[in-house]
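Asker: Mind having a look at this structure? Questions to follow.
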Amino acid sequence: MKTTILKVKLILCVLAATFITSCDGEDGMDGAMGLQGPQGEQGIQGPAGEDGEALGVPGPQGEPGPAGSDGADGNANVTTYTFDMSSESGNTIPIGISSLTQDVVDNDLIIGYLRNSQSNAYYAIPASVWPNGTGGFYDIAVDITVGTYWVNFYEVGTQTFNPISSIELGDLKVVIAESESTVAGKSERKGLREELKANGIDVNDYYAVMDYFELDY
């Protein structure tokens, strides 16, 4: 009897051990970590911004008058321009002077002096009779417009153009004297011709005018 009970206990122990072993399940697999997605491609770089606006390119320089020189200052309000006319010819010779603005044309004193190429004497123009350098004579008329001083040659005592040759001409000097305002705040100006006359200066006398305005001969 004891043997039977012992066998039963052994069988129960075996069964219990088997049961415990079968209940101990295998460890589950660790959950996989999420895979990191591929790195996105770098975006295309945008176009470079345009450079700042460039400085304006200077316009072409205007052509000078016939062999003209820069204006030479005398006193504070007087300027003289010298032009070599020895290569000029024809009935009318236009001379560009940029300082001839509308205000200057309307208000300032503008006197021209043309040099005789033989005697080197300067004569005020316009002139009723002007001796050229070869023994002939001309009447000379002057037109003054904005930017241009026009010299026109005529037969003496007529309105007929008389073309002049280059060998007959010397220098031309144009004197521009700024008039002084006589009334503050207004555009009225004192006539410089009257001022010169009041000081005993003849505008036809080249040297007297140049001395008065302290200009070089």
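Asker: Quick check, is N91 under 18 Å from E168 (Cβ atoms) and open to solvent by 40 Å² or more (accessible area, probe 1.4 Å)?
Answerer: Answer is yes for this residue.
Asker: Filter segment 97-138 for residues that are open to solvent by less than 30 Å² (accessible area, probe 1.4 Å), more than 20 Å from A177 (Cβ to Cβ), not aromatic (F, W, Y) and not in a loop (DSSP other than H, G, I, E, B) and give the result.
Answerer: Across segment 97-138, the qualifying residues are N116, P131.
Asker: Kindly indicate whether T82 is open to solvent by 40 Å² or more (accessible area, probe 1.4 Å) and modelled with pLDDT of 90 or more.
Answerer: Here the answer is no, as T82 does not meet what is asked.
Asker: Output the qualifying pairs, or none if there are none: Cβ atoms under 7 angstrom, residues six or more apart or on different chains, first residue in segment 153-175 and within 24 Å of I110 (Cα to Cα) and touching a residue at least 60 places away in the same chain (Cβ under 8 Å), second residue of a type in the set (V, I, T) and assigned to a helix (DSSP H, G or I).
Answerer: Partner pairs satisfying both residue conditions: V175/V209.
Asker: Something else about it: Before we move on, is D143 without any contact (Cβ under 8 Å) to a residue 60 or more places away in the chain, open to solvent by 70 Å² or more (accessible area, probe 1.4 Å) and either assigned to a loop (DSSP other than H, G, I, E, B) or in contact with a helix residue (DSSP H, G or I) (Cβ under 9 Å, 6 or more places away or on another chain) (or both)?
Answerer: no
Asker: In addition: Looking at segment 146-162 only, could you name the residues that are closer than 23 Å to D202 by Cβ and open to solvent by 30 Å² or more (accessible area, probe 1.4 Å)?
Answerer: Once the filter is applied, which keeps residues that are closer than 23 Å to D202 by Cβ and open to solvent by 30 Å² or more (accessible area, probe 1.4 Å), segment 146-162 yields only V156.
Asker: Would you pick out the residues in segment 205-217 that are modelled with pLDDT under 95 and touching a strand residue (DSSP E or B) at 6+ places or on another chain (Cβ under 7 Å)?
Answerer: Matches in segment 205-217: F213, L215, D216.
Asker: With K173, K190 as the choices, which residue is at pLDDT below 90 and among the charged types (D, E, K, R)?
Answerer: Criteria check complete, one pass: K190.
Asker: Let me ask something else. Identify all residues within segment 203-217 that are of a type in the set (F, W, Y), part of a loop (DSSP other than H, G, I, E, B) and open to solvent by 20 Å² or more (accessible area, probe 1.4 Å); write none if there are none.
Answerer: Across segment 203-217, the qualifying residue is only Y217.
Asker: Next question. Hey, among the residues in segment 129-168 that are small (G, A, S) and within 14 Å of N91 (Cα to Cα), which one's modelled with the highest pLDDT?
Answerer: In this case the residue turns out to be A141.
The values are calculated or read from the model by the stated rules, or taken from the named source; none is laboratory data. Computed from a predicted structure; not experimentally measured. Cβ sites come from the backbone with ideal geometry, for glycine too, and all protein chains shown count toward neighbours. In case anyone asks, the SASA skips ligands and DNA or RNA and just uses the protein heavy atoms, side chains included. Shrake-Rupley method; radii C 1.70, N 1.55, O 1.52, S 1.80 Å.
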